[in-house]
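Working notes, beginning with the structure itself.
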Amino acid sequence: MRFSCHRASYYSRFYRSPNRGRLYFSTLSSALFAIVLLCFAKHSIASENQVESKPLQELSLIGQGEMHWMAWHLYDARLYSADGYYRPQGYPLALAISYARAIDKKHLVSATTKAWSRLHIDPPSRWVQRLSNIWPSVNKSDELVFYVTTAGIGQFYYNGDLIGEIDDSEFSAAFLAIWLHPETSGKSLRAKLIGGRVLPRSQQTAEPWGLKEETHDK
């Protein structure tokens, strides 16, 4: 009991002391300032990562939409091209996916192979292996960008950073087909991504979706 009274007396004298009181509030203010500064720094780093995604800076938005499965919001998707118009297999082209929930990379790869199966695309095992090596597991608010160069090379960006590429134009076409092929399972999202901004066939430089239905390892 004496100890408790002594401590109470000590804290009473501490707060009554002008110098110690000023020191206490000065320390508290410094701590709060450090917390605010840390939050600002994290926000700045996130903003810089978004700005560093060069492919999107150089392209124009065609359309955007959301993907839902039952009651769950899975991700938001945006489609970009050089002039804001969609051409089947007309490059450069970029698909940006911002995730609304955490997804393990095994599930991402599995969902990709299932989507190919529905389109009757038989992917070489090397494609699946490359995706497993390149992709990370994603968290809520993470962004994956698939950018196809004019040469048909597919590049993956994760939160603004280049994480890998696949130098195979057939892979690029097959991967984009998951969202853009007329027979995709997500027809509503496809319509929003294309946004009605499709060039007439006479102005297209490539046959739409000239995919091989079955592709085998060499």
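Rule-based calculations on the coordinates, nothing more; no lab input. Computed from a prediction, not measured in an experiment: that's the story for all the values here. Please note: Cβ atoms are built from the backbone with ideal geometry, for glycine as well, and neighbour counts cover all protein chains shown.
Below, the figures for the structure above:
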{"item": "For region 54-203, radius of gyration divided by Kirkwood radius, i.e. Rg to Rh on alpha-carbons", "result": "0.93"}
{"item": "Within region 121-191: Cβ-based charge dipole about Cα centre, in debye rounded to nearest 20 (Lys, Arg +1; Asp, Glu -1)", "result": "220"}
{"item": "Theoretical FRET efficiency, 1/(1+(r/R0)^6), r = Cβ-Cβ of N133 and K187, R0 30 Å, to 0.05", "result": "0.45"}
{"item": "Label point distance in nm, I163-K54, each placed 7 Å from Cα along Cα→Cβ", "result": "2.0"}
{"item": "Table column - 3J(HN,Hα) (Hz), region 94-101, Karplus curve with 6.51, -1.76, 1.60, x for Gly and Pro", "result": "9, 10, 10, 10, 9, 7, 9, 7"}
{"item": "Long-range amide H partners of L74 with built H, under 5 Å", "result": "M67, H68, W69"}
{"item": "Cβ-Cβ FRET estimate between D76 and S125, R0 fixed at 22 Å, reported to 0.05", "result": "0.10"}
{"item": "Antiparallel %, DSSP beta bridges [both residues in region 54-203], to 5", "result": "95"}
{"item": "Sorted peptide list for 157-167, 173-183, criterion being average Cβ within 10 angstrom, highest first", "result": "173-183, 157-167"}
{"item": "Ordering of 90-99, 135-144, 68-77 by burial proxy (mean other Cβ atoms within 10 Å per residue, highest first)", "result": "90-99, 135-144, 68-77"}
{"item": "Dipole magnitude of region 54-203 about its Cα centre (Cβ charges: Lys, Arg +1; Asp, Glu -1), debye to nearest 20", "result": "420"}
